[in-house]
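The next block holds one structure in the form of structure tokens; read it before the comments.
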Amino acid sequence: MERLKTPVKSELYPPWKDGKGQRITRFYTGCYVEQRGKYQTDNDYGLRIYMFELKYLTPFNWTENVLADFDTFLQDHAAAEKKASGMAMSMLGHYPDRTKLVKAMADLAIEEMIHFKQVLKLLIERGVTLGHDQKDPYVKAMRALFRQGSDEFLIDRLLVGAVIEARGHERFSLVAEALPEGKEKDFYVAIAKSEEKHKNLFVELGYEYFDKDVIDKRLKEILEAEADICRHIPFTAALH
Ligand SMILES: [Fe+2]
Ligand SMILES: [Fe+2]
């Protein structure tokens, strides 16, 4: 596939204040933005990226719980990265004949494990142990969206993956924004950009194996379901 020329690079989008001067969610991005919500670029896999937007935007005060107990948040974040790596390995084991997916998931499993090690380093520096995995009601509710049938199951695994990555991108951007200057803030900026790449990767894999219309329709349904899930989970010092 032809690699795209990328005209404008933006570190943050959209602008920090809306028309009424309210503070709104903004995202750290490593991608090239042409227009809010509609940009295309390419990533490490040489794939074309199609942006989508979440249907629920986390309010900035979500970060208050995070900063109030940052050690617990880091423990939860470490667990999330570990599970993301395991999920990528499970995907490639389930679809060994889909070479593009296998390659992408092998890379993803490594990248998520590197994230895990980076969070672990922060925990150790703070004198905090890894902690036991906690139940993640968000991930449980998202997995409940998987439909039966081999095509449906793959589509849903890819798109649920995309939306979970998108939520990570959003919330890590908020954490980055809330943290004072320093290495932890720098780390969350980098993490946010990385999760954005993952979000696009899953959609691109969907387009690789299925009709765009089928993917777009199901993505819209999953985004709406995910927004509803987010509205019903109380804010704690956790990613979800
Ligand atoms: Fe990650
Ligand atoms: Fe990720």
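The values are calculated or read from the model by the stated rules, or taken from the named source; none is laboratory data. As the structure is a prediction and not an experimental result, all values here were calculated from the model. Note that we place each Cβ from the backbone using ideal geometry, even for glycine, and neighbour counts take in every protein chain shown.
Within the group 166, 192, which residue is more than 22 Å from residue 145 (Cβ to Cβ) and of a type outside the set (S, T, N, Q)? Reasoning before the result, please.
Working: 166 fails: more than 22 Å from residue 145 (Cβ to Cβ).
Matching residue, one of 166, 192: 192.
If the requirement is being over 30 Å from residue 146 (Cβ atoms), modelled with pLDDT of 55 or more and not hydrophobic (A, V, I, L, M, F, W, C), which of these qualifies: 58, 63, 25?
63
Name every residue in region 115-136 that is within 17 Å of the chain's Cα centre (by Cα) and at pLDDT below 95, in order of residue number.
136
Quick one: is residue 214 among the hydrophobic types (A, V, I, L, M, F, W, C), farther than 14 Å from residue 140 by Cα and more than 18 Å from the chain's Cα centre (by Cα)?
Values: among the hydrophobic types (A, V, I, L, M, F, W, C): yes; farther than 14 Å from residue 140 by Cα: yes; more than 18 Å from the chain's Cα centre (by Cα): yes.
In short, yes.
Any idea how many residues of region 74-103 are touching a residue at least 24 places away in the same chain (Cβ under 8 Å), away from ligand 2 (no atom under 12 Å from the Cβ), among the aliphatic types (A, V, I, L, M) and touching a helix residue (DSSP H, G or I) at 6+ places or on another chain (Cβ under 6 Å)?
4
Within region 158-170, is there a residue that is away from ligand 1 (no atom under 16 Å from the Cβ) and buried (at least 21 other Cβ atoms within 10 Å of the Cβ)?
So far as region 158-170 goes, yes, one or more of its residues are away from ligand 1 (no atom under 16 Å from the Cβ) and buried (at least 21 other Cβ atoms within 10 Å of the Cβ).
Hey, could you check region 175-218 for residues that are within 16 Å of ligand 1 (Cβ to nearest atom), under 16 Å from residue 53 (Cα atoms) and in contact with a helix residue (DSSP H, G or I) (Cβ under 7 Å, 6 or more places away or on another chain) and say which is modelled with the lowest pLDDT?
Per the criteria, the residue is 196.
Rundown of residues vs (1) in contact (Cβ under 8 Å) with a residue 40 or more places away in the chain; (2) out of contact with any Phe, Trp or Tyr (no Cβ under 6 Å at 6 or more places or on another chain); (3) aromatic (Phe, Trp, Tyr); (4) surrounded by fewer than 21 Cβ atoms within 10 Å (Cβ to Cβ), yes/no style:
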{"residue": "176", "(1), (2), (3), (4)": "yes, no, no, no"}
{"residue": "202", "(1), (2), (3), (4)": "yes, yes, yes, no"}
{"residue": "211", "(1), (2), (3), (4)": "no, yes, no, yes"}
{"residue": "239", "(1), (2), (3), (4)": "yes, yes, no, yes"}
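Being over 17 Å from residue 200 (Cβ atoms) and of a type in the set (Asp, Glu) is the filter here; which residues of region 71-112 pass it?
Across region 71-112, the qualifying residues are 71, 76, 81, 97.
Of all residues in region 111-131, count the ones that are over 10 Å from residue 82 (Cα atoms), within 16 Å of ligand 1 (Cβ to nearest atom) and free of Cβ contacts under 8 Å to residues at least 24 places away in the same chain.
The qualifying residues number 1.
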